[in-house]
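Below: the structure, in structure tokens.
The values are calculated or read from the model by the stated rules, or taken from the named source; none is laboratory data. What you see is a predicted model; the values in this text were computed from it and never measured. A quick note on method: Cβ atoms are made from the backbone with ideal geometry, for glycine too, and the neighbour counts reach across all protein chains shown. We work out accessible area using only protein heavy atoms, side chains counted, and drop any ligands, DNA or RNA first. Shrake-Rupley method; radii C 1.70, N 1.55, O 1.52, S 1.80 Å.
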Amino acid sequence: MKIAPLGREATIDDLYKVEGKAELVDGRILLMSPRGDLHGTAAGNIFASLKAYQRAHGGGRAYTGGLGFIYSPRRSFSPDASWYVGPRAGGKMLDGVPLFVAEVRSPEDYGPAAERRMAAKRAAYFDCGTQVVWDVDALRAEVIRVYRAADPENADVYKRGEVADAEPAVPGWRFPVEELFED
């Protein structure tokens, strides 16, 4: 991630002018680089599963990465996959936060500094009202770490051969970890 230089505090209006994926964090625009093959496959498969759940059960909407959620004039989110219960926004970013988000790790998401950034982002999601955050590691450990607002410091860890959930944010939805890697 790279901070876009503006020389002043950025706004949601500034974020709309950015080409590519970005988030607004504490008045700074953070640019995000394009993602790789495994990242895209994992995020796409999570979204496809959520979309199938939406069609069968309703109760919310599944979204792909790149969609923006506005929490405040100084904060937005753009998770890799998400579940949102709230009003539509037409051509604008959604106003509010998703109940469930999946953040898929990229090569730069490893090491002590990256772990601190990821923990801070999870905390921000929970502070804003997100109920469940998935930390998806399709590159190294091949696991899904499921963090819940009720116990945000401790994750349930699901590996190949196991089935992860997003309770209570997406009731009844299940996702086999193996599906992260399917073409």
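Computed values, structure above
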| quantity | calculated |
| --- | --- |
| Between helix 37-57 and the chain: long-axis angle, C-alpha atoms, 0 to 90°, nearest 10 | 70 degrees |
| Helix 112-128 axis, angle to the chain major axis (alpha carbon atoms, nearest 10°) | 90 degrees |
| Lysines whose Cα lies under 21 Å from that of Lys121, excluding same-chain neighbours fewer than 8 positions away | Lys2, Lys21 |
| For Tyr71, solvent-accessible area (1.4 Å; no DNA, RNA or ligand), Å² | 110 Å² |
| Added length on full extension, which subtracts the Cα-Cα distance from 0.36 nm per residue, Ala123 to Glu19 | 34.8 nm |
| Within the accessible area of the chain (1.4 Å probe), percent carbon and sulfur | 52 percent |
| Sorted largest first, extent of the chain alpha carbons per principal axis (Å) | 49, 38, 33 |
| Largest-first ordering by accessible area, 1.4 Å probe, given options Arg28, Arg55, Arg122, Arg35 | Arg55, Arg28, Arg35, Arg122 |
| 15 Å reach of a label modelled at Tyr110, 7 Å along Cα-to-Cβ, counting backbone N of the stretch 138-158 | 138-143 |
| Range in the chain, longest, excluding exposed GluC sites (Glu not before Pro) [loop by DSSP; at most 14 other beta-carbon atoms within 10 Å] | 20-107 |
| Nitroxide proxy distance, nm - points 7 Å out along Cα→Cβ at Asp95 and Asp37 | 4.3 nm |
| Accessible area (Å², per residue) of the stretch 1-127, counting only protein heavy atoms and a probe of 1.4 Å | 50 Å² |
| Cα centroid separation, the stretch 117-133 to the stretch 43-77 (Å) | 15 Å |
